[in-house]
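Novice: Please read through the structure below; I'll follow up with questions.
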Amino acid sequence: MGKYVLGVDFGTLSGRAVLVDTATGAVLGQEAENYRSGVITGALPDGTPLPDTFALADPADYTEVLEHVITRLVARNIVPAEDIIGIGLDVTCSTFIPTDEAGIPLSKKTGFAGNPQAHMKMWKHHHAEKQAEKLTALMNERGESFRERCGGIINAEWMLPKLLEICEEAPEVWQAAANFEEAGDYLVRHLTGKTVRSQVMMGYKMVEDPEEHTPDEAFLEAAHPGFGAAYEKLKGTRLLPGASAGGLLPEIADRLGLPAGIPAAAANIDAHVAYPALGITEPGAALMILGTSCCLILAAEEERPVPGIFGAVKDGVLPGCIGYEAGQSAVGDLFEWFEKNAVPAYAEREAAEKGQSVLAYMTDLAAELKPGASGLLALDWWNGNRSVLSDVNLSGMILGMTLKTRPEEIFRALIESVAFGMRKILDTFETSGVPVRALYACGGISKKNRLLLQIYADVLNREILVGESDQCSALGSAIFAAVAAGEAAGGYRDLKAAASAMGHTEPETVKPDAAVVTVYEKMYREYELLHDYFGRGENDVMKRLIELRH
């Protein structure tokens, strides 16, 4: 009899579960469900207004989706439930929840429902920018050893500045919280009853080095009185990817229709977990996970200081390697903005007449354009810059608009902008001494928009290998579940063995078109000038405009 594992991927708006054959990595079934509340912006459920920099969520949505998608998948009887040997899950990060001593989210307790700081903060919550700037300045002033691991910049999306935000702006929440749980760890506790903590999440989002014990209490206390107690509120045994967090609780197993006691793997980050799903087992491979945002994951043999990275963590991606994270804050979100706000009525009618979605129609029109023919050049910072500037106060821009500019030209310029942004990131790695030997892509956009992948290949002048699965993160979580289950149970002894057997790429790669590489090289040099002019302090007009908006 075969053995099987479950992988569950929690994205920004929904959760997806896959049932996977441990022998081949074949996805035998999948289920998905949107979160009931989605991303909470504008106001809390009780009507309390929120600043436009807030992005919150309801933890009940996540436990509900977790149980619903697994229950439906198991109930389909694709395989005997007794042959399912483990569960793995991943979540956007840093998305975390303040909880009390009993593990109950503070937002569910009397007196906290109307307090925004007591709620689950999403990765895209950007209200902690001033705390990020404060921590960055303090880190560099003190010459902290961990500054090179984060590219010299603390980013507002990370847990560290978001915790300082709570400590400074809502001391009542800070005092009441017994633990601040990453959503992945919260869900693992829901399955197993064990309070554990993903070491990779702590490494990337708290800049934690468990061997050096940094950032230490002195640094945290220097940031704000009382903040030195942060680690007392970050409870849980640190676990590396592929480790078992514990067995499935009997009452949970009964509801899900699964055997009690099967292992749940330590939680992982939604982007990082995709690495083995493409069969990547050696350092030097860069993986672009293309979704609402873009996360770039790269494993290397040695640690080097790289400006503006999102973290460099030992064992963070591949065992024994340094796992680097970088990326872009808006890709799919940028295209969604364009579709909702920048497409004229006539184009919507034409798309409807052809039976296409607006974006599919725009993609077809954009594909007919030659590089540079529209005279447009855009900056890709429509949700701030994640790497290499790491500044949420930067904004998007399109240069070269005229009265003749058409929507498909704008759309192509936006696609080109995210490719130029990725080129800047990869160039920064290589000039810092971190080689990029191969380039991979996965995520929803990699399956939906081949034009985007071709433009990436042309701008980067690199061949791109594409993940075979349309659910690479969920598949990656399933692969880690197979490692947590172990070889004796029908899983694998280590990640390399599991990824080699279960991870795959499409047979056809996306190759650069030599005829357009030269044009894009010229356009990229112009992009670099704009990047540095607006992003490195020569002209801070974007930040001044944001101040006026607030």
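Novice: With +1 on each Lys and Arg Cβ and -1 on each Asp and Glu Cβ, and nothing else charged, work out how big the dipole of segment 115-190 is about its Cα centre, in Debye to the nearest 20. Intermediate values should be presented prior to the final figure.
Specialist: Working: 9 positive and 13 negative charges, 26 e Å.
Magnitude of the dipole: close to 120 debye.
Novice: If the rule is a partner Cβ under 4.7 Å, which cysteines in the chain fail it?
Specialist: Taking the Cβ cut-off of 4.7 Å, the unpaired cysteines of the chain are Cys93, Cys150, Cys167, Cys294, Cys295, Cys321.
Novice: Now for a separate question. So if we plug the beta-carbon distance of Thr518 and Arg304 into 1/(1 + (r/R0)^6) with R0 = 45 Å, what FRET efficiency do we get, rounded to 0.05?
Specialist: 0.90
Novice: Taking the number of other C-beta atoms within 10 Å as the exposure measure, put Ile289, Ile455 in order starting with the fewest.
Specialist: Placing the least packed residue first, the sequence is Ile455, Ile289.
Novice: Restricting to segment 1-115, compute how many DSSP beta bridges are antiparallel as a %, nearest 5.
Specialist: Details: 17 of 23 bridges.
Counting only bridges with both partners in segment 1-115, antiparallel ones make up about 75 percent.
Novice: If you don't mind, there's one more thing I want to ask. Would you mind telling me the antiparallel percentage of the DSSP bridges in the chain, rounded to 5? Mind showing how you got there, number by number?
Specialist: Numbers: 50 of 71 bridges.
If we restrict to bridges inside the chain, about 70 percent are antiparallel.
Novice: Another question about this same structure. Using the Kyte-Doolittle scale, which helices in the chain average at least 1.0 and also have C-alpha atoms spread 18 Å or more along the helix axis, with helices defined as whole DSSP H runs?
Specialist: Counting only whole DSSP H runs, the qualifying helices are 472-485.
Novice: For segment 336-463, with only Lys/Arg (+1) and Asp/Glu (-1) charged at the beta-carbon, what is the dipole magnitude about the Cα centre, in debye rounded to 20?
Specialist: Its charge dipole is roughly 160 debye.
Novice: Once the Cα atoms of segment 280-359 are picked out, what are the Rg and Dmax in Å?
Specialist: Calculated on Cα positions, Rg and Dmax stand at 18.9, 55 Å.
Novice: Sticking with this structure for a sec: Would you order Arg525, Arg197 from fewest to most other beta-carbon atoms within 10 Å of each residue's own beta-carbon?
Specialist: Arg525, Arg197
Novice: Would you kindly state how much longer the chain becomes between Thr24 and Arg406 on full extension, computed as 0.36 nm times their sequence separation minus their alpha carbon distance, in nm to one decimal?
Specialist: 132.8 nm
Novice: For the residues Tyr204, Tyr62, what sequence is obtained by ranking on other C-beta atoms within 10 Å, fewest first?
Specialist: Tyr62, Tyr204
Novice: Can you find, among Met1, Ala264, Ala102, the residue farthest towards the positive end of the dipole of the chain? Put +1 on the C-beta of Lys and Arg, -1 on that of Asp and Glu.
Specialist: Going by the charge dipole, the pick is Met1.
Novice: If packing is taken as the mean number of other Cβ atoms within 10 Å per residue, what is the order of 442-449, 398-405, highest first?
Specialist: 442-449, 398-405
Novice: I'd like the FRET efficiency for Glu251 and Ala43, computed as 1/(1 + (r/R0)^6) with the beta carbon distance as r and R0 of 30 Å, rounded to 0.05.
Specialist: 0.30
Novice: Label point 7 Å out from Met1 along Cα-to-Cβ: which residues of segment 457-494 have amide N under 17 Å?
Specialist: 488-491
Novice: On to the next question. Just how many % of Cα pairs in segment 91-221 lie over 26 Å apart, if you round to the nearest whole percent?
Specialist: 20 percent
Novice: While we're looking at this one, here's another question. Could you pull out the GluC sites (Glu not before Pro) across segment 93-154 that fall in loop regions by DSSP (anything but H, G, I, E, B) with no more than 15 other Cβ atoms inside 10 Å? Each step should come with its number before you reach the end.
Specialist: Working: sites: Glu101, Glu129, Glu133, Glu141, Glu144, Glu148; in loops: Glu101, Glu144.
Qualifying residues, ordered by number: Glu101.
Novice: Taking 2.2 N^0.38 Å as the expected size of a compact globular protein, what ratio does the Cα radius of gyration of the chain give against it, to two decimals?
Specialist: After normalising by residue count via 2.2 N^0.38 Å, the value is 0.94.
Novice: Would you work out which of Ala478, Pro371, Val388 lies farthest towards the positive end of the dipole of segment 354-491? Charges go on Cβ: Lys and Arg +1, Asp and Glu -1.
Specialist: With unit charges placed on the Cβ atoms, the residue in question is Pro371.
Novice: Please list 305-317, 457-469, 44-56, 537-549 highest first by mean number of surrounding beta-carbon atoms within 10 Å per residue. Before the final figure, lay out each step's value.
Specialist: On the way: 305-317: 23.2, 457-469: 21.4, 44-56: 14.5, 537-549: 11.5.
So the order, starting with the most tightly packed, is 305-317, 457-469, 44-56, 537-549.
Novice: Right, something else. Treating only the Cβ of Lys, Arg, Asp and Glu as charged (+1, +1, -1, -1), what charge dipole size does the chain show about its Cα centre? Round to the nearest 20 debye.
Specialist: Details: 49 positive and 76 negative charges, 120 e Å.
Magnitude of the dipole: close to 580 debye.
Here, each number is a calculation from the coordinates, and none is a lab measurement. Remember, it's a predicted structure, so these values are computed and weren't measured experimentally. Counting neighbours? That spans all protein chains shown, and the Cβs are built from the backbone with ideal geometry, glycine included.
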